[in-house]
Protein chains: 2
Amino acid sequence: MNVLWIYAHPDPASLNGALRDEGVTTLRDLGHDVRESDLYAMRWNPIVDEIATVPEDVRIEHEKLGWADTVIVQFPLWWADTPAILKGWFDRVFVQGYGYDYRDETGHTLRYGNGVLAGKRAMVIVTAGAHEDSLGPRGAHGSLDDLLFNVQHATLFYTGMTVLPPLKVTGTTRMPPERFDCVVEQLRKRLHSLETTDPLPYRTQDGGDYDRRLVLLPKVAPGQTGYGAHLTA
Amino acid sequence: MNVLWIYAHPDPASLNGALRDEGVTTLRDLGHDVRESDLYAMRWNPIVDEIATVPEDVRIEHEKLGWADTVIVQFPLWWADTPAILKGWFDRVFVQGYGYDYRDETGHTLRYGNGVLAGKRAMVIVTAGAHEDSLGPRGAHGSLDDLLFNVQHATLFYTGMTVLPPLKVTGTTRMPPERFDCVVEQLRKRLHSLETTDPLPYRTQDGGDYDRRLVLLPKVAPGQTGYGAHLTA
């Protein structure tokens, strides 16, 4: 398998750095090929400008994505969201005609389950200083699953990728060594089962659940609102 | 009133640029003082590094925030989220001991309705290419109110600001001139009523609705989950 590991933490000696190292080693030990987009190490430029042509650094990322079967997106949660450098990877790499406005020969826009990255799998690995309860369904920070909707549904799934359940590492402000060992074990398990894990059951644009304005049909999850309505289970 | 207008669009000749110009003129005509953080014009550096001291550009933003009574945050919705340059304004300006880990003399962390920016008002102005239905409660992109939770609740309200309902301008991909006039009128109305508009009724950390782990008490919005549970109405 060809795996692209996108990584957005400034400090290689951090928890995130350790997990990235463990993850890449695990995948290589399993016989997979791994390439990395280590955004801080690459000094990735996250700022969209008004230039119409596709710059060389973006073209390289397109080539990596084309090569990959599976994409890992790893980041620490900052202000309930991705770090700016990662947001700017999405902003710049997913250009018009590629990430969005990607059309078939009839002019139909492919998105939400189909698109330029169709057939590839994606998995988010996220760390958060806040503890699990405060990021739970009734936690003040909002549920971590809801906070990941913009990345997982509106970005990764939008471009056609199949999205696996995220690996969520919470409460990282205080992490005793035995907990770290446990997190590494979870990570290895998830990487061993990358090819077999059931993805998040998002509804696809063209699966008959949405109308032409991208609104759920009345018969689908009747009366339900919120992000959960976009999952079949 | 002292108003800080934070603006995150690359093109001054865009719809966003026009709304910013109209907004700043309106406020000055009303007799308010306006300062701007035009992030593209400032060539704002959005990338957090590992340097421990507060850099000069961040210190200047702290000074502006200290001066302001009201903060406007204007951006186009990109990938269901803020542009990277704005995300990196939050990432870098809201440093530890200021934006988070802001404590009173007893060591109690002030956040969610109290904090370094307590007493100030904030309002988001967001534009989105997608039309209103697809950003509604059952729209595929997720409801725009939900998508703004990370900025409005987890960031602006977290640091102590009172958050006014956002001005949402959707369907900007096709905007006829008469619609633009209507949007400008909405903007002017919202700016005229900045001091009197009722804020979003978010529950405060210390208002008796959350336990010590920042989870809603069982008696509060019983059984309810999702972002809506953090509003009193």
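The values are calculated or read from the model by the stated rules, or taken from the named source; none is laboratory data. From a predicted model like this one, the values you see are computed outputs, not experimental measurements. Virtual Cβ from ideal backbone geometry, glycine too; neighbours counted across all protein chains shown.
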- [ ] State whether the residues of segment B:2-13 include one that is more than 12 Å from chain A (Cβ to nearest Cβ), surrounded by fewer than 21 Cβ atoms within 10 Å (Cβ to Cβ) and of a type in the set (D, E, K, R).
- [x] no
- [ ] Please specify each residue of segment B:15-47 satisfying the condition of being touching a residue at least 40 places away in the same chain (Cβ under 8 Å) and more than 20 Å from the chain's Cα centre (by Cα).
- [x] B:Leu30
Task: Residue list for segment B:167-188, restricted to those being under 30 Å from B:Gly31 (Cβ atoms) and outside any helix (DSSP H, G or I) - done: B:Leu167, B:Lys168, B:Val169
- [ ] Within segment B:205-225, identify whether any single residue is hydroxyl-bearing (Ser, Thr, Tyr) and not assigned by the TED database to the domain that holds B:Gly160, and answer yes or no.
- [x] yes
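Report whether or not A:Val151 is surrounded by 20 or more Cβ atoms within 10 Å (Cβ to Cβ) and more than 25 Å from B:His131 (Cα to Cα).
No; evaluated as a whole, the condition is false for this residue.
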Task: Residue count, segment B:95-131 (criterion: over 30 Å from A:Thr225 (Cβ atoms), within 10 Å of another protein chain (Cβ to nearest Cβ) and touching a Leu at 6+ places or on another chain (Cβ under 9 Å)) - done: 1
Task: Hits in segment A:219-233 (condition: facing chain B (nearest Cβ under 9 Å), more than 10 Å from B:Pro137 (Cβ to Cβ) and not in a helix (DSSP H, G or I)) - done: A:Val220, A:Ala221
Open item on the list: farther than 30 Å from A:Leu216 by Cα, facing another protein chain (nearest Cβ under 7 Å) and in a helix (DSSP H, G or I): which single residue out of B:Ile85, B:Ile60, B:Ile47 fits that description?
Closed with: B:Ile85
TODO: Could you pull out the residue among A:Gly31, A:Gly113, A:Gly107 that is assigned by the TED database to the domain that holds A:Pro10, of a type outside the set (D, E, K, R), in a loop (DSSP other than H, G, I, E, B) and closer than 26 Å to A:Leu200 by Cβ?
DONE: A:Gly113
Open item on the list: Restricting to segment A:63-82, give me the number of residues that are in a helix (DSSP H, G or I) and within 16 Å of A:Tyr7 (Cα to Cα).
Closed with: 2
- [ ] Can you give me the number of residues within segment B:181-216 that are more than 9 Å from chain A (Cβ to nearest Cβ) and over 22 Å from B:Leu164 (Cβ atoms)?
- [x] 3
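Listed here are the residues, each with its yes/no results for (1) crowded, with 23+ Cβ neighbours inside 10 Å; (2) in contact with a Ser or Thr (Cβ under 9 Å, 6 or more places away or on another chain); (3) not assigned by the TED database to the domain that holds B:Thr173.
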position	(1), (2), (3)
B:Pro46	yes, no, no
B:Arg59	no, no, no
B:His62	no, no, no
B:Thr70	no, no, no
B:Leu77	yes, yes, no
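Does A:Gly160 meet the test of being surrounded by 20 or more Cβ atoms within 10 Å (Cβ to Cβ), more than 22 Å from A:Leu77 (Cα to Cα) and touching a residue at least 12 places away in the same chain (Cβ under 8 Å)?
Yes, satisfied.
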Open item on the list: So in segment B:132-145, with the set limited to residues that are in contact (Cβ under 8 Å) with a residue 24 or more places away in the chain and either at the interface with chain A (Cβ under 7 Å from one of its Cβ atoms) or in contact with a Leu (Cβ under 6 Å, 6 or more places away or on another chain) (or both), which one is nearest to B:Thr196 (Cα to Cα)?
Closed with: B:Leu144
- [ ] Give just the number: which of (1) assigned to a strand (DSSP E or B); (2) free of Cβ contacts under 8 Å to residues at least 24 places away in the same chain does A:Val124 not satisfy?
- [x] (2)
Task: Those residues of segment A:14-26 which are more than 10 Å from every other protein chain (Cβ to nearest Cβ), of a type outside the set (D, E, K, R) and either exposed (fewer than 15 other Cβ atoms within 10 Å of the Cβ) or over 22 Å from A:His62 (Cβ atoms) (or both), in sequence order - done: A:Leu15, A:Asn16, A:Gly17, A:Ala18, A:Leu19, A:Gly23, A:Thr25, A:Thr26
Open item on the list: Considering only residues that are surrounded by fewer than 19 Cβ atoms within 10 Å (Cβ to Cβ) and of a type outside the set (A, V, I, L, M), which ones fall in segment A:27-39?
Closed with: A:Arg28, A:Asp29, A:Gly31, A:His32, A:Asp33, A:Arg35, A:Glu36, A:Asp38
- [ ] Six or more apart or on different chains, Cβ under 9 Å: which pairs go from a residue in segment A:98-116 that's more than 23 Å from A:Thr53 (Cα to Cα) to one that's charged (D, E, K, R)? Could you list them?
- [x] A:His108/A:Asp206; A:Tyr112/A:Arg203; A:Tyr112/A:Asp206; A:Gly113/A:Arg203; A:Gly113/A:Asp206; A:Asn114/A:Asp104; A:Asn114/A:Asp206
Task: Where A:Pro55 falls short, out of the listed (1) within 21 Å of A:Ala122 (Cβ to Cβ); (2) more than 14 Å from chain B (Cβ to nearest Cβ) - done: (1)
- [ ] Determine if segment B:145-167 includes at least one residue that is within 15 Å of B:Asn16 (Cα to Cα) and in contact with a helix residue (DSSP H, G or I) (Cβ under 6 Å, 6 or more places away or on another chain).
- [x] yes
